[in-house]
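Have a look at the structure below, then the notes.
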Amino acid sequence: MRSAKRAAAAALLTVSALAVAGCAAGGGSGSGGDAASCEPAGEDVTLTFTSWIPGIEDAVAMWNEENPDIQVEVQTGPSGNAGTYQNFFNQLEAGNAPDLGQIEYDALPNFRVQDGLVDLGACEDVLAAEDQFLDWTWGQVTLGTEDEVYGIPQDQGPMALFYRSDLFEQNGIEVPTTWEEYREAAVQVREAGGYITNFSDSDINQFAGFVWQAGGQWFENDGDAWTVNLTGDESTTVADYWQDLIENDLVSTYPAWTDEWNNAYNSGEVWTWNSAVWGANSILSGAPDTSGNWSVALAPQWNAGDEKAGNWGGSSIAVFNGTDHLYEAAKFALWLNTSEEALTSLNETAQIYPATTAGLELPVLKEGVEFYGGQPIYDVFAQAATQVDPDFTWGPTMTQTYGDVSDGFKAAAQGNGTLLEALEEGQAATIATLEAQSIPVAE
Amino acid sequence: MTTTTTMTAVNPRAARRPTGGGQDAVGRGPREGVIPRTAAFIVMGVFTLYFLTPIWWLLIASTKDRGDLFSTNPLWFADFRFFENVGALVAYRDGVYLRWLLNSLLYAGVGAVVATLLASMCGYALAKYRFPGRETLFNVVLGGVLVPATALALPLFLLFSQVQLTNTFWAVFLPSIVSPFGVYLSRVFAEASVPDELLEASRLDGAGEVRTFFTVSIRLMFPALVTVFLFQFVSIWNNFFLPLIMLRSEELFPVTYGLYAWNSTINQFPELRTFVLVGSLLSIVPLIITFLLLQRYWRTGLGTGALK
């Protein structure tokens, strides 16, 4: 029994030693700030790449076929906010993060302030590729800096108006081109027994897309400190607009992505959806009975004649701190997001809508779509993509901000409080979160 | 070979097994009035409905195509497309779902067997041997019952990262073979069901401790072991947080994690919805089978533990 005791003690010691080592290693990797050099390894390299996009393996398989010296291994998991981002942070802490990872634009600043990303600006090829991307998608990965690049843009979510052309026509209602007309149409749709749209109390990023279109800025970073402005003039205008629609029962308020929500669209109760390009697929599979009855138009404008679009979603491929193969990782990320074969594959398997100007002209994006009555809907989105304001910046704690605002939005949708109050609370909570993480906030 | 005589006392169905004589199984409790009985039935009925409705919904939803899912009565059949759905699920991405199901069976099946063996040996040692620090050790193990597995996942991840075992089979398997509750149950049961006289007799006959354990004691502890196995099987099967943190490679995922990953991307890839529904339904089948096969043992095990 004595030996058993000794073994137990030894085991305990080992465990605590490992734990201590773990903490030490974690602290070390977090403080790394050496400028990584972008040199080829000169030997065969295997990169790990985490993405949750189903079917991305197909594109990666093409790369592996053509590049025997730079093999890429795909790892996967749930979508970013559902666990993969937290895993990335854990892995960075433990020092075993993958070489590359999928990160949505709104989460990129968070990884940047946590020192989790490598600056790809060290690679000439990356800097030279800027011209291939839409201005605003490039702006999403430079995070407002000069010559610093924290990811290669992959896809984007320019917003437009999905609408039931059949119902608008049958009821003699004009398809709105301004938000004012949209409200007038909402009244007419209500008289016809439907709702013009559903206000989603959980998709704060859709709301952010509205603010983006209106020219608002929620966050700014001058290099030293963050300015938080969830309640600026543009945000207030947008919040008041939707508040009015909710209070007058002109929009439904089903929780988004639920069965009721799908059913509302499938049954023709809800007539339009202000959504991003990937929403085309959501309607197609959520409301299959309405095939052929939908169309897409440019988003309603705040001032007649304006040409502005919001954006909802989109992601980049970033390279994590701790990689030994910056050159190869950057090379792969560029290929994945600029080469026609990769973009075509990604579009076919996962409806990825490319972030490059050339990508918007892919032959597969020029075809008419049966579900939308044969309309070549991607032409509309290609136009919207060029209308997105390049300066919109995400904050470094967006998940938290979404959560904070979402609580208030849910209450407002039920008639308690207003959307603006929710934004005010979100503003205060966001500042508190930033300060709690020692991220400087400008007053 | 008889497993144990205590079985008949609790479960009449166990009488099918040959036993060395037992008491008359079915006793009658005091008679109850009609009203309390009715009330009890109503309460039970309501709860049964409450627990079974989601499963019924899942069963119905798995038989529908995407259009019917949203437009027809959620609690009744529409076009019956169950087999088409299963076929599509199994075919999707080269049968990755079946791979997950197999992984789950491996993690939970092998993991629970090993966990049961370790727990029974540990519990047996704690019950039958006297050594310094025995109670302390037992209390530490007992304390382990109170620590939720979720709280341990992150420290485990950091540990496994140090030894480069993350994203391997072992990252999920090794933590699964530890069962503090199993040790506790085994100890209680070993104390109750393995007589010291028998052990002495066995020693006199020249059997070593290991041999005694495997040929004599383990048989006496069998009902408890089944219970430990079942608890561990279910908890490994449902353990979600550990795979979430440890695993990156799709081919290592257990079914719970795989379904969660799919479910998290339904917004962008709505075609996965049917797969998640059908996959969830199929994923509870192995649990139901395990329960049905083992229920007569584990009910006895629990009952016997409670009596002491």
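The values are calculated or read from the model by the stated rules, or taken from the named source; none is laboratory data. Since the structure is predicted, the reported quantities are computational estimates derived from the model, not experimental observations. We place every Cβ from the backbone using ideal geometry, glycine too, and count neighbours over all the protein chains shown.
Could you identify the single residue in B:Leu204, B:Leu199 that is out of contact with any Phe, Trp or Tyr (no Cβ under 9 Å at 6 or more places or on another chain), over 16 Å from B:Ala119 (Cβ atoms) and surrounded by 15 or more Cβ atoms within 10 Å (Cβ to Cβ)?
B:Leu199
Residue by residue through segment B:59-80, note down the ones that are within 13 Å of another protein chain (Cβ to nearest Cβ) and either assigned to a loop (DSSP other than H, G, I, E, B) or under 29 Å from the mean Cα position of the chain (by Cα) (or both).
Result: B:Ile60, B:Ala61, B:Lys64, B:Asp65, B:Thr72, B:Asn73, B:Pro74, B:Leu75, B:Ala78, B:Asp79.
Out of all the residues in segment A:308-317, is one or more closer than 22 Å to A:Pro109 by Cα and either over 23 Å from the mean Cα position of the chain (by Cα) or among the aliphatic types (A, V, I, L, M) (or both)?
Looking through segment A:308-317, at least one residue is closer than 22 Å to A:Pro109 by Cα and either over 23 Å from the mean Cα position of the chain (by Cα) or among the aliphatic types (A, V, I, L, M) (or both).
Could you tell me whether segment B:236-248 includes any residue that is without any contact (Cβ under 8 Å) to a residue 24 or more places away in the chain and more than 14 Å from chain A (Cβ to nearest Cβ)?
Yes, because at least one residue in segment B:236-248 is without any contact (Cβ under 8 Å) to a residue 24 or more places away in the chain and more than 14 Å from chain A (Cβ to nearest Cβ).
Being at pLDDT below 95, more than 12 Å from chain A (Cβ to nearest Cβ) and out of contact with any Asp or Glu (no Cβ under 8 Å at 6 or more places or on another chain) is the requirement here; does B:Thr116 meet it?
No: the conditions fail for B:Thr116.
What number of residues within segment A:326-373 satisfy the criterion of being more than 14 Å from chain B (Cβ to nearest Cβ), outside any loop (DSSP other than H, G, I, E, B) and of a type in the set (Ser, Thr, Tyr)?
Result for segment A:326-373: 6.
Can you say whether B:Pro175 is surrounded by fewer than 16 Cβ atoms within 10 Å (Cβ to Cβ) and closer than 30 Å to A:Glu93 by Cα, as far as the supplied structure shows?
Spelling it out, it is not the case that B:Pro175 is surrounded by fewer than 16 Cβ atoms within 10 Å (Cβ to Cβ) and closer than 30 Å to A:Glu93 by Cα.
List the helices (runs of 4 or more DSSP H) that sit entirely inside segment A:152-225 and contain at least 2 residues that are closer than 30 Å to A:Val319 by Cβ.
A:204-214
For a quick check of your reading of the model, give me the residue pairs whose first member lies in segment A:94-113 and is facing chain B (nearest Cβ under 10 Å), whose second is among the acidic types (Asp, Glu), with beta-carbon atoms closer than 9 Å and at least 6 apart or on different chains.
Taking only residues 6 or more apart or on different chains, the pairs are A:Pro98/A:Glu73.
Restricting to segment A:240-263, and then to whatever is at pLDDT below 95 and more than 22 Å from A:Gly209 (Cα to Cα), can you tell me which residue is surrounded by the most Cβ atoms within 10 Å (Cβ to Cβ)?
So the residue we want is A:Asn263.
With (1) assigned to a helix (DSSP H, G or I); (2) surrounded by fewer than 18 Cβ atoms within 10 Å (Cβ to Cβ) as the list, and A:Gly268 as the residue in question, which single condition is left unmet?
A:Gly268 satisfies all of (1) assigned to a helix (DSSP H, G or I); (2) surrounded by fewer than 18 Cβ atoms within 10 Å (Cβ to Cβ) except (1).
Among the candidates B:Ser186, B:Ser202, which residue alone is more than 14 Å from chain A (Cβ to nearest Cβ), within 19 Å of B:Thr227 (Cα to Cα) and at pLDDT 90 or above?
None of the others qualify; the one that does is B:Ser186.
For segment A:118-129, how many residues meet the condition of being in contact with a Gly (Cβ under 8 Å, 6 or more places away or on another chain) and crowded, with 24+ Cβ neighbours inside 10 Å?
Result for segment A:118-129: 1.
With touching a Gly at 6+ places or on another chain (Cβ under 8 Å) and charged (D, E, K, R) as the only criterion, which of B:Glu250, B:Glu191, B:Glu200, B:Glu209 stands out?
None of the other options fit; the residue is B:Glu250.
If I ask for residues that are within 14 Å of chain B (Cβ to nearest Cβ) and either acidic (Asp, Glu) or surrounded by fewer than 17 Cβ atoms within 10 Å (Cβ to Cβ) (or both), which ones from segment A:37-54 would you list?
If the condition is that a residue be within 14 Å of chain B (Cβ to nearest Cβ) and either acidic (Asp, Glu) or surrounded by fewer than 17 Cβ atoms within 10 Å (Cβ to Cβ) (or both), then A:Thr46 is the only one that fits.
Return yes or no: is A:Thr231 assigned to a helix (DSSP H, G or I) and at pLDDT 95 or above?
no
When the residues of segment B:260-297 are filtered to those that are aromatic (Phe, Trp, Tyr) and in contact with a Ser or Thr (Cβ under 9 Å, 6 or more places away or on another chain), which remaining residue is nearest to the other protein chains (Cβ to nearest Cβ)?
The qualifying residue nearest to the other protein chains (Cβ to nearest Cβ) is B:Phe269.
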